[in-house]
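Participant: Sharing a structure, written as structure tokens. Questions coming.
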Amino acid sequence: MSRSIRVILAGIVGGVVMFVWGAVAHMVLPIGEMGVRSLPTDPALTTAMTTNIKERGFYFFPPYDPKDKSDAAMKAFEEKVKQGPNGVLIINPGPGEGMSPKKLGVEFGSNLAAAMLAACVLSRYCGGRVCRTVAATMFGGIVWLSVNVSYWNWYEFPWDFTLGQALDSVLGWAVSGFAIALVLPKGCCGSGGCKCGNGGCGTGAKGAVVV
């Protein structure tokens, strides 16, 4: 089997594993639900949202005028934030859909695309299965640090939710990366052939294999 086919196959396997992990994390383990709470079942609250919010979107409150950058407007907004409540609201005021085939398809497609990119990167990485799995696990850490920590910092996402996303991202990339590493050819290939370091993930003797 050619190297290119092995890389593509590794991406497909990694995408399937990532998709299955997502199902396990959200439906079997409590990881996917950490920090997620339901709004109070208050008809007045639902009525107020549907009456005042007409478009699907990402809303920030307390309300402010993004076009007004004056010192007075910014100071007034900061005072409202300090008094509370403040936060974000992601809402679709119209009809929605639950766990539909379309949503599952989009999720699987995104997992597959991400795993394909990871397989391409890891195929160029000089290391064995352990090194490649560690590298893939770091991908999950990078995603969490660059996205979820920013959401926690700026939008005040709850810490337990942020921690759950860390577990989901890091563990998900760990198991997916391991699956990718099992399928990928050992070593890395470039114009000079396959090279791996002695006992590590650096460069060294041509043709050496690092596990």
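Nothing in this text is a laboratory measurement; each read-out follows from the coordinates by a stated rule. In this text the structure is predicted, and so the values were computed from the model without any measurement. For neighbour counting, all protein chains shown are included, and Cβ atoms are generated from backbone atoms with ideal geometry for every residue, glycine included.
Participant: Between residues in the range 48-69 that are closer than 20 Å to V81 by Cα and residues that are of a type in the set (D, E, K, R) and assigned to a helix (DSSP H, G or I), which pairs lie under 6 Å by C-beta distance while being six or more apart or on different chains?
Facilitator: P62/K80
Participant: Separate question: Being within 19 Å of Y151 (Cα to Cα) and either outside any strand (DSSP E or B) or among the charged types (D, E, K, R) (or both) is the filter here, so list the residues in the range 57-70 that pass it.
Facilitator: Within the range 57-70, P62, P63 qualify.
Participant: Something else now. Kindly establish whether N148 is farther than 30 Å from V16 by Cβ and in contact with a helix residue (DSSP H, G or I) (Cβ under 8 Å, 6 or more places away or on another chain).
Facilitator: Answer is no for this residue.
Participant: For the range 141-183, give me the residue count where each residue is surrounded by 18 or more Cβ atoms within 10 Å (Cβ to Cβ) and either among the charged types (D, E, K, R) or in contact with a strand residue (DSSP E or B) (Cβ under 9 Å, 6 or more places away or on another chain) (or both).
Facilitator: 2
Participant: Given the structure, is K75 under 30 Å from V7 (Cβ atoms), more than 19 Å from the chain's Cα centre (by Cα) and surrounded by fewer than 11 Cβ atoms within 10 Å (Cβ to Cβ)? Outline the logic, then answer.
Facilitator: On the way: under 30 Å from V7 (Cβ atoms): no; more than 19 Å from the chain's Cα centre (by Cα): yes; surrounded by fewer than 11 Cβ atoms within 10 Å (Cβ to Cβ): yes.
So K75 does not fit the description; no.
Participant: Could I ask something else about it? Scan the range 1-32 residue by residue and report those that are part of a helix (DSSP H, G or I) and more than 17 Å from W173 (Cβ to Cβ). I'd like the intermediate steps shown before the answer.
Facilitator: Within the range 1-32, the subset part of a helix (DSSP H, G or I) is 3-27, 31-32.
Correct list: R3, S4, I5, R6, V7, I8, L9, M27.
Participant: Go through the residues of the range 21-33 one by one and say whether even a single one is β-branched (V, I, T) and either at positive phi or surrounded by 14 or more Cβ atoms within 10 Å (Cβ to Cβ) (or both).
Facilitator: Within the range 21-33, one or more residues are β-branched (V, I, T) and either at positive phi or surrounded by 14 or more Cβ atoms within 10 Å (Cβ to Cβ) (or both).
Participant: Related question: Does at least one position in the range 89-96 carry a residue that is among the hydrophobic types (A, V, I, L, M, F, W, C), surrounded by 10 or more Cβ atoms within 10 Å (Cβ to Cβ) and not in a helix (DSSP H, G or I)?
Facilitator: Checked against the condition, which is being among the hydrophobic types (A, V, I, L, M, F, W, C), surrounded by 10 or more Cβ atoms within 10 Å (Cβ to Cβ) and not in a helix (DSSP H, G or I), the range 89-96 yields at least one hit.
Participant: Select from the range 97-133 the residues that are in contact with a strand residue (DSSP E or B) (Cβ under 9 Å, 6 or more places away or on another chain) and assigned to a loop (DSSP other than H, G, I, E, B) and write down the one among them that is surrounded by the fewest Cβ atoms within 10 Å (Cβ to Cβ). Before the answer, list the steps.
Facilitator: Let us first name the residues in the range 97-133 that are in contact with a strand residue (DSSP E or B) (Cβ under 9 Å, 6 or more places away or on another chain), namely 123-124, 126.
Adding the requirement that they be assigned to a loop (DSSP other than H, G, I, E, B) leaves 124, 126.
On the way: R124: 10, C126: 21.
Among them, the one singled out is R124.
Participant: Restricting the search to the range 138-187, which residues are in contact (Cβ under 8 Å) with a residue 40 or more places away in the chain and among the β-branched types (V, I, T)?
Facilitator: T162, V175, I180, V183
Participant: Also, I was wondering about something else. So which of A118, A76 ends up being in contact with a helix residue (DSSP H, G or I) (Cβ under 8 Å, 6 or more places away or on another chain) and either within 21 Å of V16 (Cα to Cα) or not β-branched (V, I, T) (or both)?
Facilitator: The unique qualifying residue is A118.
Participant: Is one or more of the residues making up the range 71-84 among the polar types (S, T, N, Q) and in a loop (DSSP other than H, G, I, E, B)? Reasoning before the result, please.
Facilitator: First pass over the range 71-84, keeping only residues among the polar types (S, T, N, Q): 83.
Add one more test, that the residue is in a loop (DSSP other than H, G, I, E, B), and what stays is none.
Scanning the range 71-84, I find no residue that is among the polar types (S, T, N, Q) and in a loop (DSSP other than H, G, I, E, B), so the answer is no.
Participant: On to the next question. Between residues in the range 33-47 that are more than 24 Å from D168 (Cα to Cα) and residues that are loosely packed, with under 10 Cβ neighbours inside 10 Å, which pairs lie under 8 Å by C-beta distance while being six or more apart or on different chains?
Facilitator: Note: pairs meeting the criteria are L45/L39.
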